[in-house]
1. Which of these, GLN176, GLN106, GLN197, has the largest mean-square fluctuation under a Gaussian network model of the chain (Cα springs below 10 Å)?
2. Would you mind telling me the antiparallel percentage of the DSSP bridges in segment 195-308, rounded to 5?
3. Specify which residue in the list GLY138, PRO243, PRO89 is farthest towards the positive end of the charge dipole of the chain, using unit charges on the beta carbon of Lys, Arg (+1) and Asp, Glu (-1), about the Cα centre.
4. So how do MET268, MET82, MET279 rank on accessible area, 1.4 Å probe, biggest first, that is with the largest at the start?
5. Along its three principal axes, how long is segment 107-154 when you only count alpha carbons? Whole Å, largest extent first please.
6. Treating only the Cβ of Lys, Arg, Asp and Glu as charged (+1, +1, -1, -1), what charge dipole size does segment 115-174 show about its Cα centre? Round to the nearest 20 debye.
7. Helix-only estimate, please: 222 nm mean residue ellipticity of the chain, summing -39500 (n - 2.57) across DSSP H runs of length 4 or more and dividing by its residues, to the nearest 500.
8. Enter the accessible area of TRP204 (Å², nearest 10), with the probe set to 1.4 Å and all protein chains included.
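The values are calculated or read from the model by the stated rules, or taken from the named source; none is laboratory data. On a predicted model such as this, the values are computed, not experimentally measured, just so you know. Counting neighbours? That spans all protein chains shown, and the Cβs are built from the backbone with ideal geometry, glycine included. For accessibility, only protein heavy atoms count, side chains too; no ligands or nucleic acids. Shrake-Rupley method; radii C 1.70, N 1.55, O 1.52, S 1.80 Å.
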Amino acid sequence: MIPHELCQPNLNFLGLPEELADPTTARVWVLPVPYEATTTYGAGTRNGPMAILSASRQVELYDHRHGCEPAESLGFATLPPMDITVSTPEAMINRLAAAVETVFFQPPSPELLVVLGGEHSISAGVARGLARVVDAGGLVCVQVDAHADLRDEFEGSPFNHACAARRIAEVCPVFQIGIRNISKEEAEFCPTASNIQTFFREQWGPSGVNALRDFVSGKTVYLTIDLDGLDPSIMPAVGTPEPGGLLWHELLEIIRTIAEAAARIPVMDVVELAPIPGMIAPDFLAAKLIYWAAADLLLPRCDPDRRG
């Protein structure tokens, strides 16, 4: 159990009152991981979790798609930011794996753990920790991203952010959506990897949605969202932006598809926000995405005519 006194009453997600931010009753826990060590272009992902928490206080709690304030029935407990004073990226991944395992080891534990990055390398740790506490045979990962992140190592480390999906694939099958930047090494690796399905951005459409539904059907799903999977026109605040990305409603459709078909979605992460001073829209998008995703993943299905 994570003691109540370790939660963040003065900077909790959505700025909820104490009774809705209590980890003993909240169905959603939020874990900030302000880690940045292997970024290779724009910097600033270490500031992402705090920016999301701050922006979340401006998110309207009423969700017209569900006709209610999901926060009232879900509750969101915000855990202390993880200590990132580690010697190597591998050490950070091991620390995060242990933290995820601890969260789910004994009650109280959340129905959904939301990890706030930080750079995408942390996702390897999330996957490892989750695999220790669920049926690994039924675990799959859905990755929204601009980059394949399938290098075996990059800049001398197998735990670089460019290797995140390669490390996750060592734990469970991976379904990639929105990819539009891939190296020759990764392109040569993909056909040899039977547990990785890659949908490039231009391939995404109804057939991709159907393939996603089949992939997650009856499975335990780990959802990792690298915000550069979105188009820079709506998400410019990332370290490695790529033109031609997914748009807001496409990402919501992906989340709803997972919610409708999966057996369980115990963990999602949102990574790679690199806040731009004076530009608050990307921070707000990330915060609202988390809130609406939690509602879609945990609340009963709503009338399709009310979806936004």
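1. GLN106
2. Antiparallel bridges: around 20 percent, rounded to the nearest 5.
3. Of the candidates, GLY138 comes out farthest on the positive side.
4. Largest accessible area first, the list is MET279, MET82, MET268.
5. If we take the Cα atoms of segment 107-154, the spans are 38, 25, 17 Å.
6. 180
7. Calculated from helices alone, the mean residue ellipticity at 222 nm is -9500 deg cm²/dmol.
8. Its heavy atoms expose roughly 30 Å² to the probe.
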